[in-house]
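Encoded as structure tokens, the structure appears first; notes follow it.
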Amino acid sequence: MWLFFTRIVSVPLPVPTEIAEAIQEAKIDEIDPYIMWYYFRSGLEEYIEEPKPADLTDEDMLKEIGISAQADTTMITGSGAPVYTINDPNVLMIGPAAFENRWNRKQLFYGLEEDFTRKKFKTTVKGIMNYQVKNLKYPDGTSCTIKDPENSDTDLSAQVEFTEPTYQEGEFKYLVTCKIRPGSPASYLNPFPEDFEHLDDYDVIFVRGHGNSESIMTCPYYDDGDDNPYNSSLEKWLTNNKGKYCIGHAFFSPVYDFAGFEPSEKEALYYKIITLKREFFANQDFEGKLLYFNICEGKLYCYGYNISHTPYGPVITWDYNDETFKNAQVLITPTLTDGFNVDDELAYKFFSYMLGIDPTDPNRKKIQAKSAVDAYWTVINQSDLKLQALVQMGYGTQIYTQDGKYNNTYLANEPTIEVTKTKK
């Protein structure tokens, strides 16, 4: 979930003569008390890990920092709390960066689309699900290997193709070009900025893309040449909406497996994207909506935080007072960069529980539908212990319900018709 706009330039510092002079700060890791981080004045970060006792469990380690493994969700919702229902919602699932999820994008989008439709909800899905690559090489000249089990370069339904990178001076030296495949039967799924112009027409909104504190991704920058109608339409929109968008760069993740690779490395592949600023959404009203923004730094749409002391430890909740989305009934979003595969799984399970489906059951059996907060905490408590700890400390994927007012928000179930026979 990496999104880059500016380059931070460091000022050369005098070479320190003592190691102590080089260290700016040292502190124990917030999650793992057996790790010590060292922050150097040059910007370098390193850590030293002390061997853990052989009999130390994850639960014991979390207790050392005052956090229990499971959250007591009964204290959050409460049996006497008001119940709110989103009736007959129009659902929008839009994934401008859906193709980057090499594990379960089709399950996330198409699977949930079927579930919503089965519950009689009108559902719209848009996103880049299938793609091809042509002459794609790493910066060192070797051919790229797409590490994506759900993608095939011979898939005729591919909506876009990514072509060999072009070189340019600057931080993002190697840019992969994204082109819309002419005649693709799935081209109607390609997202455009226009798809976000009336986002508030929908009641349940899921966005899977990139983001930062200023903007949300709407689509890749389709660079198809002036003769392509898609490209001319996009260029016209950009011309007419100056000041409401940014041109950014995202890490082209399908060709990397992330094993020891960081997006800060200089010799990496990127692709251009279009992101929408806050001003773009200024005239939309999200009152009564359920928003799930699977984007980086979503918490930066909130200003400030509160610390609540609960039976299972301190919990940080971010104040949700952004002028653009402050009226939303429920907002769920990662605080920083959590990792797409983790957040996609959270979203899939969250909506499943709200729809009354058990996502952990192979047959997806029907269960009692859960409220937004109950669904959220059920998913979090099924996650690994470190993610649970992050959430309880105010990081990870967070939920905002206007200071708890809308904790008990439900999606209305499909109507049940019961037929009985009577004797004449």
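The values are calculated or read from the model by the stated rules, or taken from the named source; none is laboratory data. Please read these numbers as outputs of a predicted model, since none were measured by experiment. Methodologically, a virtual Cβ is constructed for each residue, glycine included, from the backbone with ideal geometry; neighbour enumeration extends over all protein chains shown.
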LYS119 - would you say it is in contact with a Gly (Cβ under 9 Å, 6 or more places away or on another chain), within 21 Å of LEU92 (Cα to Cα), surrounded by fewer than 21 Cβ atoms within 10 Å (Cβ to Cβ) and of a type in the set (Lys, Arg)? yes
Cβ-Cβ distance below 6 Å, separation of 6 or more or different chains: which pairs start in the range 192-214 with a residue that is over 16 Å from ALA97 (Cα atoms) and touching a residue at least 60 places away in the same chain (Cβ under 8 Å) and end on one that is part of a loop (DSSP other than H, G, I, E, B) and among the aromatic types (Phe, Trp, Tyr)? ASP200/PHE286
Which numbered condition ASN190 misses (of (1) of a type in the set (S, T, N, Q); (2) surrounded by fewer than 20 Cβ atoms within 10 Å (Cβ to Cβ); (3) on the phi < 0 side of the Ramachandran plot): (2)
Residues (closer than 30 Å to THR409 by Cβ and modelled with pLDDT under 90) located in the range 245-279: LYS277, ARG278, GLU279
Can you find, within the range 188-242, the residue that is modelled with the lowest pLDDT among those that are within 30 Å of LEU346 (Cβ to Cβ), assigned to a helix (DSSP H, G or I) and of a type outside the set (Phe, Trp, Tyr)? LEU189
